[in-house]
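Step one of this worksheet: look at the structure below.
The values are calculated or read from the model by the stated rules, or taken from the named source; none is laboratory data. Only a predicted model underlies this, so the values are computations on that prediction, with no experimental measurement involved. For neighbour counting, all protein chains shown are included, and Cβ atoms are generated from backbone atoms with ideal geometry for every residue, glycine included. For the accessible areas, the whole protein counts, side chains as well, though only heavy atoms, and no ligand, DNA or RNA atoms are used. Shrake-Rupley method; radii C 1.70, N 1.55, O 1.52, S 1.80 Å.
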Amino acid sequence: MTPLSELVELLAWASGYDVSLFVGDFDNYVDEALDPKSRLFAFEPECVVLLPSERRCVYQGGFGDPADVQRAAVRNAAEELVRICSTIHEQCGAEVILGNFIPPETFDPGPLRTRSLASDWSFRRAVNLELGLLAPSFVHVCDLELLAARRGLVASRDARRWFESKQPCSPALLPDVAREIVELVGAMRRAPKKVLVLDLDNTLWGGVIGDDGLNGIELGDTSPRGEAFKAFQTYVARLQRRGVLLAVCSKNDEAIAREPFEKHPEMVLRMDDIVSFKASWGPKSDAIRAMAEELNLGLDSFVFVDDNPAEVEIVRQFVPEVHCIVLGPDPSTFVQRLADSRHFDVTAVTSDDAARTRQYRAEASRRASATEATDMDAYLRSLEMEARIREFREIDVPRIAQLINKSNQFNLTTRRRTEAEVAALVGSSRHPAFTIRLSDKFGDHGLIAIVIGEIRETTLHVDTWLMSCRVLKRQVEEETVNEMMRLAARFAAERVVGRFIPTAKNAMVKGLYPDMGFRLTGERDGELEFESDPRAFVPKPTRISVVERSYEQS
């Protein structure tokens, strides 16, 4: 073991991960990656951490070389590391955490340092950028450059320890590196938070809107504090464009609380950016519970921010599933406090993420329409729903992986997959898989349902079936089963077998297979197995018009 591996093991244990570590020989990663019989592959790792020495990241030419030659050397250095990562992944299927390079802390070679890729400073930083751009989905960059910049380059180095023990950095930086490795491992297995719940007074603006009035609150470029509040709103708006849902929870009269969103010229956030607005004098914990029910999301997907520690403590005690952040009295620190919480870290941003707020606001219109309807069938018909059913495509892989790893309630087996594992299913003859996109007269829901099957002899096994809870009871369930049976017929399957594997959150779908006409064939340790004969299946009528279908019955 090494100091770094011991720290990783300790921090992983503290984060609730049961890990077993294999530590390779120093600077022997190329041989271990290229040898299929190496000790690394005998260990059968799920994740491989590769921290190449920065002494390998040096331009071998001279300062007088043409710029295109230097750029080619940068790309070659990055491609070599990506090839090694790809070899590891192809050999054992492991995800790879790849450390990039800490830039040098010296002034050498003076002003030329920033003007030529031949300098260690510019070469390493250029290689780091190229690594991030080239890395496939199964490679997760451990950003040592950022960690060292935060700590300070001089403080991140310890030449004596390098020569004595080949540690990659100073003891001061070592815990940061270990913590980042554990964070990356966790990010592979959990979804980011979905909803940011915002207080208003002294959070989005300075002062109390009910007392100070629209002209009296601090917001905008006329004062340092007002500029800080505006900067915080700007950061929050960037989160929203990445797919984070924004909600408001304030102790206020609602009409007064809405006024800045509707009338203040310096407000960055507007009412159209908010999917749930709760302003009342009741406990904020009750309001957040109501939001979760309204949005049909689990409380553990919420993050609540407030400048008032007392309000935060009430939410912590009465809604412990919600993660809370005390912003404090200084608005200049708000962005850093929220950003460094890392609750909204993402590995990719899809078109569905960018449209999420619009989708949830459209859902509010649907609910309003539903309350006016007296006949459910008439209501569903009035939605004018259209579905597009497609086999897995490369372009959808990030969104598919995102749904697989964050869907908990409508998820029959809750099996998780990385982007690389999803990509491997594209075009697979053994694992037929499809997605469903749904739209209606109010807007586009985006990609909302996923099925992954596995053909074994004459049986189609449903490995994964999940769906966004936003479209519950819209007959997507029935249309999904119709498609399963079409798929079974396409592969001449005589049985379709599905399983329900219970978790703490998916009890709502325990009876789904029986509701869809499957019969129970087995039960063990809470797991249920169901079966249906596709040859005797009669398609279920729905009010969904399938306007595109990848799988056609042959």
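Details
This table checks each residue for (1) in contact with a Phe, Trp or Tyr (Cβ under 7 Å, 6 or more places away or on another chain); (2) modelled with pLDDT of 85 or more; (3) over 24 Å from CYS85 (Cβ atoms); (4) not in a helix (DSSP H, G or I).
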{"site": "PHE344", "(1), (2), (3), (4)": "no, yes, yes, yes"}
{"site": "ALA368", "(1), (2), (3), (4)": "no, no, yes, no"}
{"site": "PRO398", "(1), (2), (3), (4)": "no, yes, no, no"}
{"site": "ALA401", "(1), (2), (3), (4)": "no, yes, no, no"}
{"site": "VAL426", "(1), (2), (3), (4)": "yes, yes, no, yes"}
{"site": "ILE436", "(1), (2), (3), (4)": "no, yes, yes, yes"}
{"site": "ILE448", "(1), (2), (3), (4)": "no, yes, yes, yes"}
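- In the range 381-408, the residues that are under 21 Å from SER428 (Cα atoms) and small (Gly, Ala, Ser) form Cβ pairs under 9 Å with partners that are outside any loop (DSSP other than H, G, I, E, B) and open to solvent by 70 Å² or more (accessible area, probe 1.4 Å), at six or more places apart or across chains, as follows: ALA401/GLU421.
- Search result, residues across the range 28-53 that are within 28 Å of ARG113 (Cα to Cα) and either open to solvent by 30 Å² or more (accessible area, probe 1.4 Å) or modelled with pLDDT of 90 or more (or both): LEU50, LEU51, PRO52
- Residue within the range 196-218 that is aliphatic (A, V, I, L, M), modelled with pLDDT under 95, in contact with a helix residue (DSSP H, G or I) (Cβ under 7 Å, 6 or more places away or on another chain) and in a helix (DSSP H, G or I) present: yes
- MET516 vs. criteria in contact with a Pro (Cβ under 6 Å, 6 or more places away or on another chain), farther than 22 Å from GLN359 by Cβ and either open to solvent by 60 Å² or more (accessible area, probe 1.4 Å) or modelled with pLDDT of 90 or more (or both): no
- Matching residues in the range 20-38 - criterion: being among the charged types (D, E, K, R) and either under 33 Å from the mean Cα position of the chain (by Cα) or under 20 Å from LYS166 (Cα atoms) (or both): ASP25, ASP27, ASP31, GLU32
- Whichever residue in the range 57-69 is more than 21 Å from LEU184 (Cβ to Cβ) and in contact with a helix residue (DSSP H, G or I) (Cβ under 8 Å, 6 or more places away or on another chain) and, among such residues, is surrounded by the fewest Cβ atoms within 10 Å (Cβ to Cβ): GLN60
- Residue list for the range 1-27, filter: open to solvent by 60 Å² or more (accessible area, probe 1.4 Å), part of a helix (DSSP H, G or I) and over 17 Å from PHE43 (Cβ atoms): PRO3, GLU6, LEU10, TRP13, ALA14
- Residue that is surrounded by the fewest Cβ atoms within 10 Å (Cβ to Cβ) [pool: residues in the range 496-513 that are more than 28 Å from the chain's Cα centre (by Cα) and of a type in the set (Val, Ile, Thr)]: VAL497
- Lone qualifier among ALA493, ALA489 - being part of a helix (DSSP H, G or I) and surrounded by 12 or more Cβ atoms within 10 Å (Cβ to Cβ): ALA489
- Applying the condition of being of a type in the set (D, E, K, R) and closer than 25 Å to ARG399 by Cβ to the range 455-475 and asking which residue is most open to solvent (accessible area, probe 1.4 Å) yields LYS473.
- The condition (being aliphatic (A, V, I, L, M), within 27 Å of GLY64 (Cβ to Cβ) and within 29 Å of the chain's Cα centre (by Cα)) is satisfied by just one residue among LEU129, LEU98, LEU147, LEU134: LEU129.
- Some residue of the range 153-161 being open to solvent by 50 Å² or more (accessible area, probe 1.4 Å), in contact (Cβ under 8 Å) with a residue 40 or more places away in the chain and more than 24 Å from the chain's Cα centre (by Cα): yes
- Flag for GLU478 being open to solvent by 10 Å² or more (accessible area, probe 1.4 Å), without any contact (Cβ under 8 Å) to a residue 12 or more places away in the chain and out of contact with any strand residue (DSSP E or B) (no Cβ under 7 Å at 6 or more places or on another chain): no
- GLY427 more than 18 Å from PHE537 (Cα to Cα) and buried (at least 20 other Cβ atoms within 10 Å of the Cβ): no
- Set VAL315, VAL305: member being buried (at least 17 other Cβ atoms within 10 Å of the Cβ) and free of Cβ contacts under 8 Å to residues at least 40 places away in the same chain: VAL315
- In the range 172-209, the residues that are β-branched (Val, Ile, Thr) and open to solvent by 40 Å² or more (accessible area, probe 1.4 Å): VAL208
- Within the range 85-102, residues that are closer than 18 Å to GLY24 by Cα and open to solvent by 30 Å² or more (accessible area, probe 1.4 Å) have Cβ atoms under 7 Å from residues that are outside any helix (DSSP H, G or I) and of a type outside the set (S, T, N, Q) in these pairs: HIS89/VAL96; HIS89/PHE138; GLN91/PRO36; CYS92/GLU44; CYS92/PRO45, counting only partners at least 6 apart in sequence or on another chain.
- Residue match in the range 237-245 (condition: among the polar types (S, T, N, Q), in contact (Cβ under 8 Å) with a residue 40 or more places away in the chain and over 22 Å from ASP345 (Cβ atoms)): no
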